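Visitor: Okay, handing you the structure first.
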Amino acid sequence: MQHWEADEARSRHMARFGRRDTAPELALRRSLHARGRRFFVDRRISGRTRARADLVFPRARVAVFVDGCFWHWCEEHAHLPKANAELWRAKLLANRQRDASHDAVLRSEGWAVIRVWEHEDVERAADLVEVVLDRWTRITS
(Lines give C-alpha, C1' and ligand atoms only; values in the text may rest on other atoms or scores of the structure.)
Protein backbone atom coordinates (compact mmCIF):
# COMPACT_ATOMS: atom_id res chain seq x y z
CA MET A 1 0.00 0.00 0.00
CA GLN A 2 1.22 3.47 -0.84
CA HIS A 3 2.41 5.64 2.02
CA TRP A 4 -0.06 8.43 2.75
CA GLU A 5 1.35 11.68 4.06
CA ALA A 6 -0.32 15.07 4.27
CA ASP A 7 1.18 18.48 4.76
CA GLU A 8 0.70 20.36 8.05
CA ALA A 9 -2.29 22.43 6.88
CA ARG A 10 -4.10 19.38 5.51
CA SER A 11 -3.43 17.44 8.72
CA ARG A 12 -4.93 20.24 10.84
CA HIS A 13 -7.94 20.46 8.53
CA MET A 14 -8.61 16.71 8.59
CA ALA A 15 -8.12 16.51 12.38
CA ARG A 16 -11.26 18.65 12.78
CA PHE A 17 -13.43 15.81 11.50
CA GLY A 18 -14.32 13.28 14.14
CA ARG A 19 -14.29 9.55 13.72
CA ARG A 20 -17.61 9.12 15.51
CA ASP A 21 -20.90 10.88 16.11
CA THR A 22 -21.56 11.72 12.47
CA ALA A 23 -25.07 12.87 11.59
CA PRO A 24 -26.04 9.56 9.91
CA GLU A 25 -24.66 7.59 12.86
CA LEU A 26 -26.53 9.74 15.38
CA ALA A 27 -29.77 9.35 13.40
CA LEU A 28 -29.43 5.56 13.40
CA ARG A 29 -28.62 5.54 17.11
CA ARG A 30 -31.69 7.70 17.87
CA SER A 31 -33.93 5.44 15.82
CA LEU A 32 -32.69 2.22 17.44
CA HIS A 33 -32.78 3.76 20.92
CA ALA A 34 -36.40 4.86 20.36
CA ARG A 35 -37.18 1.24 19.48
CA GLY A 36 -35.81 0.14 22.84
CA ARG A 37 -32.45 -1.13 21.59
CA ARG A 38 -29.36 -0.57 23.72
CA PHE A 39 -25.83 -0.76 22.39
CA PHE A 40 -22.25 0.35 22.80
CA VAL A 41 -20.79 3.09 20.62
CA ASP A 42 -17.43 3.23 18.83
CA ARG A 43 -16.06 0.03 20.31
CA ARG A 44 -13.21 -2.20 19.24
CA ILE A 45 -14.47 -5.77 19.28
CA SER A 46 -11.59 -7.94 18.14
CA GLY A 47 -7.97 -8.33 19.05
CA ARG A 48 -7.19 -9.43 15.49
CA THR A 49 -8.30 -6.21 13.80
CA ARG A 50 -8.28 -2.50 14.60
CA ALA A 51 -11.88 -2.09 13.40
CA ARG A 52 -14.11 -0.05 15.69
CA ALA A 53 -17.79 -0.68 15.08
CA ASP A 54 -20.07 2.35 15.25
CA LEU A 55 -22.72 0.36 17.14
CA VAL A 56 -22.08 -2.88 19.00
CA PHE A 57 -24.59 -5.35 20.39
CA PRO A 58 -22.17 -7.66 22.24
CA ARG A 59 -24.60 -10.33 23.49
CA ALA A 60 -25.99 -10.82 20.00
CA ARG A 61 -22.50 -10.37 18.48
CA VAL A 62 -23.75 -7.78 16.00
CA ALA A 63 -21.45 -5.01 14.76
CA VAL A 64 -22.89 -2.10 12.79
CA PHE A 65 -20.75 0.23 10.68
CA VAL A 66 -22.16 3.46 9.22
CA ASP A 67 -19.92 4.14 6.24
CA GLY A 68 -19.45 7.57 4.72
CA CYS A 69 -19.84 7.74 0.96
CA PHE A 70 -16.51 9.49 0.38
CA TRP A 71 -14.17 7.64 2.73
CA HIS A 72 -15.56 4.19 1.99
CA TRP A 73 -16.04 4.96 -1.72
CA CYS A 74 -19.76 4.48 -2.29
CA GLU A 75 -20.11 3.69 -5.98
CA GLU A 76 -23.31 5.74 -6.10
CA HIS A 77 -22.08 9.01 -4.56
CA ALA A 78 -18.33 9.11 -4.16
CA HIS A 79 -16.15 11.15 -6.46
CA LEU A 80 -12.41 11.50 -6.69
CA PRO A 81 -10.85 14.89 -6.00
CA LYS A 82 -9.23 16.36 -9.11
CA ALA A 83 -5.99 17.15 -7.28
CA ASN A 84 -3.87 14.03 -6.72
CA ALA A 85 -6.63 11.86 -8.21
CA GLU A 86 -4.48 8.74 -8.49
CA LEU A 87 -3.29 9.04 -4.89
CA TRP A 88 -6.90 9.43 -3.69
CA ARG A 89 -8.03 6.50 -5.83
CA ALA A 90 -5.39 4.26 -4.24
CA LYS A 91 -6.25 5.54 -0.74
CA LEU A 92 -10.00 4.97 -1.13
CA LEU A 93 -9.53 1.55 -2.71
CA ALA A 94 -7.30 0.62 0.22
CA ASN A 95 -10.09 1.72 2.57
CA ARG A 96 -12.56 -0.60 0.78
CA GLN A 97 -10.08 -3.49 0.97
CA ARG A 98 -9.45 -2.82 4.65
CA ASP A 99 -13.22 -2.83 5.33
CA ALA A 100 -13.56 -6.21 3.58
CA SER A 101 -10.64 -7.60 5.57
CA HIS A 102 -12.12 -6.39 8.87
CA ASP A 103 -15.50 -7.89 7.94
CA ALA A 104 -13.90 -11.26 7.16
CA VAL A 105 -12.06 -11.34 10.49
CA LEU A 106 -15.15 -10.36 12.48
CA ARG A 107 -17.34 -12.91 10.70
CA SER A 108 -14.74 -15.61 11.35
CA GLU A 109 -15.06 -14.74 15.05
CA GLY A 110 -18.83 -15.17 14.94
CA TRP A 111 -19.94 -11.56 14.54
CA ALA A 112 -22.79 -10.51 12.28
CA VAL A 113 -21.48 -7.47 10.41
CA ILE A 114 -23.90 -4.88 9.09
CA ARG A 115 -22.63 -2.05 6.87
CA VAL A 116 -24.95 0.87 6.21
CA TRP A 117 -24.18 3.75 3.83
CA GLU A 118 -24.65 7.27 5.15
CA HIS A 119 -27.16 8.01 2.37
CA GLU A 120 -29.47 5.11 3.24
CA ASP A 121 -32.84 5.76 4.80
CA VAL A 122 -32.43 5.70 8.58
CA GLU A 123 -35.60 3.74 9.29
CA ARG A 124 -34.70 1.09 6.71
CA ALA A 125 -31.23 0.79 8.24
CA ALA A 126 -32.77 0.44 11.72
CA ASP A 127 -35.17 -2.20 10.35
CA LEU A 128 -32.19 -4.15 8.97
CA VAL A 129 -30.43 -4.06 12.34
CA GLU A 130 -33.61 -5.14 14.10
CA VAL A 131 -34.08 -8.11 11.74
CA VAL A 132 -30.63 -9.41 12.68
CA LEU A 133 -31.20 -8.78 16.39
CA ASP A 134 -34.64 -10.43 16.29
CA ARG A 135 -33.14 -13.47 14.55
CA TRP A 136 -30.61 -13.76 17.41
CA THR A 137 -33.42 -13.41 19.98
CA ARG A 138 -35.44 -16.21 18.34
CA ILE A 139 -32.39 -18.49 18.28
CA THR A 140 -31.54 -17.91 21.94
CA SER A 141 -35.11 -18.15 23.24
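Visitor: Could you do me a favour and compute the accessible area per residue for the chain, 1.4 Å probe, result in Å²?
Guide: Result: 65 Å² of accessible area for each residue.
Visitor: Same structure, new question: Return the tail of the calculated pair distribution for the chain, meaning the percent of Cα-Cα pairs more than 24 Å apart.
Guide: Working: 3607 of 9870 pairs.
The proportion of pairs with Cα distances above 24 Å equals 37 percent.
Visitor: Turning to a different aspect of this structure: Which residue fluctuates most in the GNM of the chain (Cα springs below 10 Å): V62, V122, V131?
Guide: Result for the chain, Cα springs under 10 Å: V131 fluctuates most.
Visitor: Follow-up. Determine one quarter of the surface area of the Cα convex hull of the range 35-79, which equals its mean projected area, and express it in nm² to one decimal.
Guide: 4.5
Visitor: Give me the percent of Cα-Cα pairs in the range 93-138 that sit more than 18 Å apart, rounded to a whole number.
Guide: Here the long-distance tail beyond 18 Å is 45 percent of all Cα pairs in the range 93-138.
Visitor: Of the heavy-atom accessible surface of the range 10-141 (probe 1.4 angstrom), what whole percent is carbon and sulfur?
Guide: 51
Visitor: Would you work out the charge dipole size for the chain about its Cα centre, treating the Cβ of every Lys and Arg as +1 and the Cβ of every Asp and Glu as -1, and quote it to the nearest 20 debye?
Guide: 620
Visitor: FRET efficiency for T22 and E123, Cβ-Cβ distance as r, R0 = 25 Å, nearest 0.05? Could you put the intermediate results ahead of the total?
Guide: Working: r = 18 Å, r/R0 = 0.70.
For T22 and E123, the calculated efficiency is 0.90.
Visitor: Can you tell me the FRET efficiency between E75 and T140 if r is taken as the Cβ-Cβ distance and R0 is 30 Å, rounded to the nearest 0.05? Mind dumping the intermediate values first?
Guide: Details: r = 36 Å, r/R0 = 1.21.
After rounding to 0.05, the efficiency reads 0.25.
Visitor: What is the spin-label model distance, in nm, from K82 to R44 if the labels are put 7 Å beyond Cα along the C-beta direction?
Guide: So the label points at K82 and R44 sit 4.1 nm apart.
Visitor: Which one, A94, H79, H119, is farthest towards the positive end of the dipole of the range 75-141 when Lys and Arg carry +1 and Asp and Glu -1 on their Cβ?
Guide: Ranked along the dipole, the leading option is A94.
Visitor: Which residue, A112, A83, A60, tops the fluctuation ranking in a GNM of the chain built on C-alpha contacts under 10 Å?
Guide: Of A112, A83, A60, the Gaussian network model singles out A83 as fluctuating most.
Visitor: Just to check, using Stokes-Einstein with a Kirkwood Rh over alpha carbon pairs, what's the diffusion coefficient of the range 55-113 at 10 °C and 1.306 mPa s in µm²/s?
Guide: On the way: Rh = 12.8 Å.
Approximately 124 µm²/s, per Stokes-Einstein.
The values are calculated or read from the model by the stated rules, or taken from the named source; none is laboratory data. Not measured: the values here are computed from a predicted model. Using ideal geometry, Cβ is built from the backbone for each residue, glycine included, and neighbour counts are taken over all protein chains shown. These accessible areas exclude ligands, DNA and RNA; they are computed on the full protein's heavy atoms, side chains included. Shrake-Rupley method; radii C 1.70, N 1.55, O 1.52, S 1.80 Å.
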